[in-house]
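Got a structure here, written out as C-alpha cells. Questions coming.
None of the figures in this text is laboratory data; all of them are computed from the coordinates on show. For clarity, every value in this text was computed on a predicted model and none was experimentally measured. Glycine gets a Cβ as well: all are built from the backbone with ideal geometry, and neighbour counts include every protein chain shown.
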Amino acid sequence: MKLEPTTTIWMDGEFVPWDDAQVHVLTPSLHYGWGVYEGIRAYATDSGPAVFRLREHLTRLHDSARVYLMDPGHTVDELTEASLELMRRTGLTHGYLRPIVYLGYGTMGVAPQLDSARVAIAAWPWGSYLGERAEEEGCRLMVSSWQRNGNHSVPPQAKATGAYVNSALTKVAAVRAGYDDALMLTPAGHVAEASAANVFVVRDGHLVTPPLSDNILPGITRDTVLTLAREAGLPVTERSITRGELYVADEAFLTGTAAEIVPVASVDDRPVAAGGCGPVTKQLRDLFHEVSRGRSPEHRDWLSYV
C-alpha cells in the first residue's frame, strides 16, 4: 500500500519533519538486514485515538533487539510516550505505527558494530492490509514453496528486518500466481504462518493454531485471539497442523496487526467449508473489534489513549 506521509517522525529522541527523516546509504542495516521493528495499530474510539497493545509491542521490540545484541537506548516507557506524542503531533485519529531499531553509519562488515543502534518511530494512515474483498469474502491462499525460517537459521521469534526477505519471497510469489497470500511450512512439513500473519483453523468447533516451536512469530493479535477465545469458552489448542488439515477445515483465518482478523476462503484452490467468514471467525472478529475500538469494558488495559 502506498505510504501517505504525515508531518513528523520521531528519531533518537527528537521529532523531525517527515522528509528530513533520513539515514546514510552506507548504514549497515541496509546492507546486511540487521535491524528489528514492530507494526502497531491505533484506532479511533469514543474517548479519542488509542494505540492497541502498545506496551506489548514495544516489549517485543526490546526482546527482538536483545536477540540481535542491540540496545535500543530507550526504555519501553520512553518509547511508549514517544509513540503517543507522535500520534498527538501527527493528528492521526487512527493509523499504523512503525518503530524500528537499526545500526548507525560509521562501520561496514558482515559482523557489524552493534553499539551504534538508533531508533525511529513513524506513523501514517493505513487501511485494510489484504483489501476489503478479502475481509468480506475471505482471502485466497496457496502453500508456498519457500519454507519458513527455522530456529537454526534466522530466529523466527524475533521480528527482524532481514528475516522478512523470507516473507517477501513468499508474498511476491503468491501475488504473481493470483493469490492474496501464502502459507509457509516448517522443514518437517507443518504449517507455520503466512507471510506476515499467524493462522488459525476451526474444525468441529475447536480452534487450533501452530505452537511457537513451529517457527512462528509470537503474534500480539494471535495472543489477543487466544485470550478472547478462551474467555468466550471456545476450545483452543496450540499444536502442529498438517497441510491436509487446511484442506478439510470448517473455517480458517489469519491474524496480524496489519491484517487484523481475515477469514480464509480457500487454500490451494480447496474452498474452506464455511466459504469465507464462518461463525467462529465472525464471533472472534466481532470481539476483537469491540475490544480494540474501546467499545467493550473488557481489557481496557490493552488501549493506550493518546
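Amide H neighbours of LEU303 under 5 Å, at least 5 residues apart or on other chains, H built in the peptide plane: list them.
Excluding prolines and chain starts, which carry no amide H, the hits are ARG53.
For a protection proxy built on the mean count of beta-carbon atoms within 10 angstrom, sort 252-259, 56-63 highest first, please.
252-259, 56-63
For segment 189-198, what does the Karplus curve 6.51 cos²θ - 1.76 cosθ + 1.60, with θ = phi - 60°, yield as ³J(HN,Hα) per residue in whole Hz, taken in order and with x for Gly and Pro?
Those phi angles translate into x, 7, 6, 9, 6, 7, 4, 8, 7, 7 Hz.
Three principal axis extents, largest first, for the C-alpha atoms of the chain, in Å?
55, 47, 31
Among VAL272, ILE216, THR255, whose Cα sits farthest toward the positive end of the charge dipole of segment 132-292 (+1 at Cβ of Lys/Arg, -1 at Cβ of Asp/Glu, about the Cα centre)?
The residue sitting most towards the positive pole is ILE216.
Sticking with the crude label model, points 7 Å out along Cα→Cβ, report the distance from PHE15 to ARG293 in nm, one decimal please.
That separation, rounded to one decimal, is 2.8 nm.
I've got another one for you. Per residue of segment 288-304, what does 6.51 cos²θ - 1.76 cosθ + 1.60 with θ = phi - 60° give for ³J(HN,Hα)? Whole Hz please, x for Gly and Pro, Karplus curve as stated.
Computed from phi, the couplings for segment 288-304 are 4, 5, 4, 6, 6, 9, x, 8, 10, x, 7, 6, 4, 5, 7, 10, 10 Hz.
For segment 133-275, what size does the Cα cloud have along each of its three principal axes, sorted from largest down, in whole Å?
Dimensions of segment 133-275 along the principal axes of its Cα atoms: 38, 30, 27 Å.
Which whole-Hz ³J(HN,Hα) couplings does segment 8-18 yield from phi under the Karplus relation 6.51 cos²θ - 1.76 cosθ + 1.60, θ = phi - 60°, glycine and proline marked x?
Running phi through 6.51 cos²θ - 1.76 cosθ + 1.60 with θ = phi - 60° gives 8, 10, 8, 9, 6, x, 10, 9, 10, x, 3 Hz.
Would you work out the charge dipole size for segment 8-124 about its Cα centre, treating the Cβ of every Lys and Arg as +1 and the Cβ of every Asp and Glu as -1, and quote it to the nearest 20 debye?
For segment 8-124, the charge dipole is close to 320 debye.
Around LEU185, which amide H atoms from residues at least 5 apart in sequence, or from another chain, sit under 5 Å from its own amide H, with H modelled in the peptide plane?
So LEU185 has HN proximity to SER144, ARG148, ALA192.
So, one more: Taking neighbour counts of Cβ atoms within 10 Å as a proxy for exposure, in what order, fewest first, do ILE121, ILE100 appear?
ILE100, ILE121
Ok, one more. Among ILE40, GLY91, MET70, whose Cα sits farthest toward the positive end of the charge dipole of segment 8-124 (+1 at Cβ of Lys/Arg, -1 at Cβ of Asp/Glu, about the Cα centre)?
Of the options given, the answer is ILE40.
Let me ask something else about it. Residues with amide H under 5 Å of ALA117's amide H, sequence separation 5 or more or different chain, H placed in the peptide plane at 1.01 Å from N; which?
For ALA117, whose amide H was placed from the backbone, the distant partners under 5 Å are ASP71, GLY104.
Highest mean first, how do 189-199, 103-113 rank when packing is the count of other Cβ atoms within 10 Å averaged over residues?
The packing order, highest mean first, is 189-199, 103-113.
Hey, another quick one. Give the percent of DSSP beta bridges with both residues in segment 132-292 that are antiparallel, rounded to the nearest 5.
Antiparallel bridges: around 65 percent, rounded to the nearest 5.
What does DSSP give for segment 197-306 in terms of the percent of beta bridges that are antiparallel, rounded to the nearest 5?
80
Right, here's the next one. Give the lysines reachable from LYS159 as a straight Cα distance under 20 Å; neighbours fewer than 8 places away on the same chain don't count.
LYS171
Quick check on packing: order 167-180, 271-284 by the mean number of other C-beta atoms within 10 Å, highest mean leading. Numbers along the way, then the final one.
Values: 167-180: 16.6, 271-284: 18.6.
Highest mean packing first, the order is 271-284, 167-180.
Can you give the charge dipole size of segment 132-292 about its Cα centre, rounded to the nearest 20 debye, using +1 on the beta carbon of Lys and Arg and -1 on the beta carbon of Asp and Glu? Walk me through the intermediate numbers first.
Values: 14 positive and 20 negative charges, 102 e Å.
So the magnitude is around 480 debye.
Just to compare against my own numbers: the Cα pair-distance distribution for segment 1-120, 10 Å bins, whole % per bin, please.
P(r) for segment 1-120, in whole percents per bin: 13, 43, 34, 9, 1, 0.
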